[in-house]
Amino acid sequence: MKKISMILMAFALAMMMSQCKKNEGQTTSNDEVVTITLDVKQNNGSKVVVNPNTGTVDFETGDKIYVGSGGKYVGFLTHNGTNFSGNITNPTENQPLQFYFLGNVIPQETLSAGTTEECSVIISDQTEHLPVISCAASIENYVSGVTAYSAHLLNKCALVKFNVTTASEAATCIIGMKNKVTVDFSGNTLTHSQEGNGIITLPAGSGEKWAILLPQEAVETGEDGTAYSEDGAYTGTRGAVPAITENGYQTAGIEVNVTTEVNPSVVPVGAVNGKFTINAGGDQVYFSQGNLQYQASTNTWRFATNQYDYIGDANSNISSSYNGWIDLFGWGTSGFNHGAICYQPWSTSQTNSDYYAYGTSWYNNLYDQTGMADWGYNSISNGGNTINTWRTLKSSEWLYILDTRNTNSGIRFAMAQVDGMNGLLLLPDNWNSSIYSISNANVAASFTSNIITASQWIVIQNAGAVFLPMAGSRNNVSSSGFNHYATYWSSSVLMHNAGHSSNAAGIYIQNQLIQRDTYGRRYGSSVRLVQNCN
C-alpha cells in the first residue's frame, strides 16, 4: 500500500524492471534459491511518477512484489529504497516469471514457495494507505544463471475520488464494492470479487477522499446504510458509482453523506440499537453495548467499549484494592449489602451458599426484595450513570430469546467469530437477512460458521445485533477459557423459577454447544445487562 503522503496515483503505469545486477556464479538446481535484483525505471531512467493530477505510483522501502513460476508461488521481492530484490526458489526454465504487486496487503493465506497455487488479499482498509494492484509477466523467459529480468507492470485497479460529508470523527465506510483480489499462480490470473458486504473504509473527516476500486459494473445510488461511520455512530448514503475499469481514473467525485445518528435519543445511553422480545406478552429489551466491568479501587462500573471485548487473565488479580478492571463475577455480587456473605464484586469464596441473595437460598432471584442484588441496580458510568435502570435477564427470558422468539427473518442466534473473537451472535427481532448472510442459524454450530471482519461487524451491529464473547470463567482467583467458552448469568436461581438451589441459572457457550443450565454461584461468570424498552 502507498502511504497517503507519498501516493503517486499510477494509472497509465508502465514500469520497466531491468538492468539487474547478476550474482556471479549463481546457478539453479533442485531446491536452490536464486537471488534477483530489479531496478524500477521508466524509459527516461527516472522513478515512475504518479499523483492525483497525473496518475502514477511511487514505490517506497518495504514494498513487496510476489513472484510466480511454473504454476506456483516461488518467493517475493522487497524494495530497499532503490530497487526490488529478493530470493525465488526453483523457478521453471524457459517460462516467464509472473510479478504481482498487491498493495502491500498481507495475503489471507500462508505462502509456501513451490507449494502455494493461490492467494488473496482484502483491500477494505484504505484509511492510511492506497492498495494499488498491478501485475505482469517478465518479458524474458527464465534461464538458469541469469538474474536480470524486465516487465511492464500494469494496473488492475482504478483511482476514484469521493466527496465525503460526515458528522463523525471516525473513518467513513462504503459498501457494495469489489474488495477482494485473488491471484491464481497456477493459471497466472488475477481476479476481483466482493468479500462480505464489499466494504471500503476511507480516511476520517469530511472532504475529498481518494480510494482504490477494483473493476466492476456500475453500482446504483445506495440507500441509507450503504455508507456509515466506522464507530457506528452515524449512517448515510453512497452516491452511484460508474463502471470501474482497469487503470481507470475517476475525478468527478462521488457523493457520500454520513450524518444521520444511528442511536437516536429513544435508545438508552450505552445500549445496542436492537430490540429483543423476552416473553409471550411481547415485552422487549435493549442489550448493553458490552459486558459489565468493575474497578475496585474507584468503585466504578462500566460497559466494555466493544461488544467483543473481555478482560481475560487480569481477572485473576481480583481484590478489594485492584486498580485494573474485572468482568467475571460471582452470582449476585452487585456491591450492595443485600445479606449475602459475598456481595462485593471482588468477593471470592469456594462456598456457593456465601452468595445467597438476601442471605438465604429461599429467595430465588436477584430481583427479589429490594432488587439490589442485581448488578444492574448500580449506576453504570457509560450507561446513563443513574441507579436502577439496567437489569440482568431472567432465565426464562434467556430461553425465550434463544428458543422461542419470532423474528422477521426467522433467525434468533448463530455462532460467530468477530474480528478473531469467538462468541454467540444474537439477532434483533427486525433483523434483515440482506444485511449479512447468516450460516447455521438457530443451532449450536462452530464459531467459524460465520467469520465476520471488524468492518463487517460495524454494519451488523448498526442493524441491532448483539455479540456475546467467549470471556472464560473464574474459579476463586484462577481464570481460564478465554476465547474458548463463557458462562453468562441470569437473575434466576432455577431455569423455571421454582424451588431453591445452591446453584444459579445461566447459559454456557462453547464451540458447537449452548447449554441452558444452573451453575455454582461461586464461579466468576460474565454479565450482559439489558434495559426495558419503553
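Only residues that are without any contact (Cβ under 8 Å) to a residue 24 or more places away in the chain and surrounded by 18 or more Cβ atoms within 10 Å (Cβ to Cβ): list them for the range 187-203, please.
GLY198
Restricting to the range 452-493, and then to whatever is in contact with a helix residue (DSSP H, G or I) (Cβ under 7 Å, 6 or more places away or on another chain) and in a loop (DSSP other than H, G, I, E, B), can you tell me which residue is modelled with the lowest pLDDT?
So the residue we want is VAL477.
For the range 59-82, which positions are assigned to a loop (DSSP other than H, G, I, E, B) and buried (at least 18 other Cβ atoms within 10 Å of the Cβ)?
PHE59, ASP63, listed by residue number.
Restricting to the range 187-244, name every residue that is over 19 Å from PRO131 (Cα atoms) and of a type in the set (Lys, Arg).
ARG238
Only residues that are touching a helix residue (DSSP H, G or I) at 6+ places or on another chain (Cβ under 8 Å) and farther than 16 Å from GLN461 by Cβ: list them for the range 234-279, please.
Across the range 234-279, the qualifying residues are THR277, ILE278, ASN279.
For GLU140, state whether it is of a type in the set (Asp, Glu) and within 23 Å of GLY236 (Cβ to Cβ).
no
In the range 132-175, how many residues are in a loop (DSSP other than H, G, I, E, B) and over 22 Å from ALA252 (Cβ atoms)?
Of the residues in the range 132-175, 15 are in a loop (DSSP other than H, G, I, E, B) and over 22 Å from ALA252 (Cβ atoms).
Suppose we filter the range 311-334 for residues that are part of a loop (DSSP other than H, G, I, E, B) and either within 21 Å of ARG521 (Cβ to Cβ) or without any contact (Cβ under 8 Å) to a residue 12 or more places away in the chain (or both); how many remain?
So the count comes out to 11.
Would you please name the residue that is modelled with the highest pLDDT, looking only at residues in the range 389-416 that are touching a Leu at 6+ places or on another chain (Cβ under 8 Å) and of a type in the set (Ser, Thr, Tyr)?
Here the answer is THR392.
Determine whether THR392 is in contact (Cβ under 8 Å) with a residue 60 or more places away in the chain and crowded, with 20+ Cβ neighbours inside 10 Å.
Yes, satisfied.
Looking at the range 339-355, which of its residues are part of a loop (DSSP other than H, G, I, E, B), in contact with a Gly (Cβ under 9 Å, 6 or more places away or on another chain) and either farther than 20 Å from ILE318 by Cβ or among the polar types (S, T, N, Q) (or both)?
Selection gives GLY339, GLN344, SER347, THR348, SER349.
Check whether at least one residue in the range 504-516 is out of contact with any strand residue (DSSP E or B) (no Cβ under 9 Å at 6 or more places or on another chain), surrounded by 15 or more Cβ atoms within 10 Å (Cβ to Cβ) and more than 18 Å from ALA271 (Cβ to Cβ), and report yes or no.
No, the range 504-516 contains no residue that is out of contact with any strand residue (DSSP E or B) (no Cβ under 9 Å at 6 or more places or on another chain), surrounded by 15 or more Cβ atoms within 10 Å (Cβ to Cβ) and more than 18 Å from ALA271 (Cβ to Cβ).
Return the pair list, or none, for Cβ contacts closer than 7 Å from residues in the range 292-308 that are farther than 27 Å from ALA465 by Cα to residues that are hydroxyl-bearing (Ser, Thr, Tyr) and surrounded by fewer than 19 Cβ atoms within 10 Å (Cβ to Cβ), at least 6 apart or on different chains.
Pairs that qualify, where the first residue is farther than 27 Å from ALA465 by Cα and the partner is hydroxyl-bearing (Ser, Thr, Tyr) and surrounded by fewer than 19 Cβ atoms within 10 Å (Cβ to Cβ), are ALA296/SER319; ALA296/SER320; ALA296/SER321; ALA296/TYR322; SER297/SER321; SER297/TYR322.
If TRP398 satisfies all but one of (1) closer than 19 Å to VAL272 by Cα; (2) in contact with a helix residue (DSSP H, G or I) (Cβ under 9 Å, 6 or more places away or on another chain), what's the number of the condition it fails?
(2) is the only condition that TRP398 fails.
Is it true that some residue in the range 414-423 is closer than 30 Å to GLN108 by Cα, buried (at least 18 other Cβ atoms within 10 Å of the Cβ), free of Cβ contacts under 8 Å to residues at least 40 places away in the same chain and not basic (Lys, Arg)?
yes
Quick check on my filter: what residues within the range 374-415 are more than 25 Å from ASN306 (Cα to Cα) and basic (Lys, Arg)?
Within the range 374-415, ARG405 is the sole residue that qualifies.
The values are calculated or read from the model by the stated rules, or taken from the named source; none is laboratory data. Everything numeric here is computed off the predicted structure, so don't read it as measured data. Heads up, the Cβs are rebuilt from the backbone with ideal geometry, glycines too, and the neighbour counts pull from every protein chain shown.
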